[in-house]
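Here the structure is laid out as structure tokens; the discussion comes afterwards.
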Amino acid sequence: MMPKPLKGKPPFRGFVASALSLGLAGCLVIPARAQDHGKLLAFDVDNHLTLAIGKFEPGHGWVQSADFYAPPQPGDRFTLYTPAGKIATVTIQDNRSPVQDSVFASWSAQVSGWNSRSNPYALAVAGSDPLAAEPLGPISPDNPESRAIVSQYLKTQGLHVDQPLLTQAYTIAREGRRQDAVLLIAHSDASALSTEQEAAVYAVALLRWNDHGKEAILPLASQTSFKPAGRTREEQEHLYGTRDFLRLVAVVDIDGDGWKEIVLYDAKDDATQINVFSFNGRRLRKALSVYKPNYN
């Protein structure tokens with residue numbers, strides 16, 4: 001199961017899982033261009049900036065998208081990042097699309113084309129100055145060590161899965177370190193669920209951090225449950241919700257502190273959530289989070 005594009009108007013040093021409903025917060029109306037307000041972040045899907053994530057302001061810190069209102073204008077430039085690093089610089093082609101509410105997060109605008117065939121998702125950062133975002137090292141989904149890390153974590157959640165299904169796996173190089181950090185995303189096979197068979201249901205994104213021989217497995221997102229034999233898929237989802245699909249968007253040093261942030265896309269059944277996580281070698285925290293319903 002691959003994440004679905006948004007419906008309606010067209011997620012070493014640093015590191016995006018609960019939702020923040022932005023419709024509950026009032027917007028401070030400050031008419032200004034995006035480049036005048038720090039590093040504005042948006043989620044790009046197939047040549048559309050479909051969701052405003054928030055921004056980082058030097059001297060102020062992280063600002064949720066509900067706390068400001070400064071939509072970019074036609075002609076503004078954005079730099080796009082994926083796990084492959086910096087991939088393109090694009091320009092907004094039109095005014096933002098009409099939205100069904102006044103929340104800045106719902107802003108959407110088309111940008112100049114870039115080759116999104118192999119990966120339609122990217123982090124868009126206002127401006128054309130490149131940030132620190134070296135290409136990540138891909139890991140085979142069949143890598144035994146990576147599977148063992150996920151299996152070990154799932155056991156702590158009460159699930160016994162000897163061969164978990166990895167959907168994304170990367171190494172993150174850390175300057176001056178002998179061992180890279182490892183980022184792993186794994187999902188259970190939703191199509192294999194049957195009423196007759198018991199099953200482990202999971203969607204997890206994990207960061208393995210090893211500092212001077214001390215290893216830690218830190219969950220960025222974790223959705224786990226056990227389905228006993230005899231329980232239907234509908235009954236399981238009624239109890240635990242629909243299993244989400246997680247996808248790494250980019251690993252980029254957004255705030256310029258030398259530690260890269262992790263941007264994670266959480267594709268829910270009826271909504272899209274983007275989370276930005278920061279990590280300083282000791283503490284993993286959510287710096288930004290935005291949640292947008294998928295309009296029919």
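Every number in this text was worked out from the coordinates using simple rules, so none of it is lab data. Only a predicted model underlies this, so the values are computations on that prediction, with no experimental measurement involved. Because the Cβ atoms are built from the backbone with ideal geometry, glycine has one as well, and the counts that use them run over all protein chains shown.
Answer rounded, prolate or oblate for the stretch 200-277, using the Cα gyration tensor with square roots of eigenvalues a ≥ b ≥ c: rounded when a/c is under 1.5, else prolate when a/b is larger than b/c, else oblate.
Since a/c reaches 1.5 but b/c is at least a/b, the shape of the stretch 200-277 is classed as oblate.
For labels at Ser191 and Ala229 in the simple 7 Å Cα→Cβ model, what's the distance in nm?
So the label points at Ser191 and Ala229 sit 2.5 nm apart.
To the nearest 0.05, how large is the calculated FRET efficiency for Asn95 and Glu57 if R₀ is 30 Å and r is the Cβ-Cβ distance?
Rounded to the nearest 0.05, the efficiency is 0.75.
Is the shape of the stretch 235-296 rounded, prolate or oblate, going by the alpha carbon gyration tensor and its root eigenvalues a ≥ b ≥ c, with a/c under 1.5 for rounded and a/b larger than b/c for prolate?
It is prolate, given that a/c is not under 1.5 and a/b is the larger ratio.
Does the stretch 156-296 come out rounded, prolate or oblate by the C-alpha gyration tensor, with a ≥ b ≥ c the root eigenvalues, rounded set by a/c under 1.5 and, if not, prolate when a/b is larger than b/c and oblate if not?
Here the stretch 156-296 falls in the oblate category.
If each residue of separation counts as 0.36 nm, what is the full-extension length gain between Trp114 and Arg285 once their alpha-carbon separation is subtracted?
The span from Trp114 to Arg285 would gain 58.4 nm if fully extended.
How far apart, in nm, are two points set 7 Å out from the Cα along the Cα-to-Cβ line at Glu134 and at Ala200?
So the label points at Glu134 and Ala200 sit 3.3 nm apart.
So if each residue of separation counts as 0.36 nm, and I subtract the Cα-Cα distance between Asn294 and Thr156, what length gain in nm does that give?
46.4 nm
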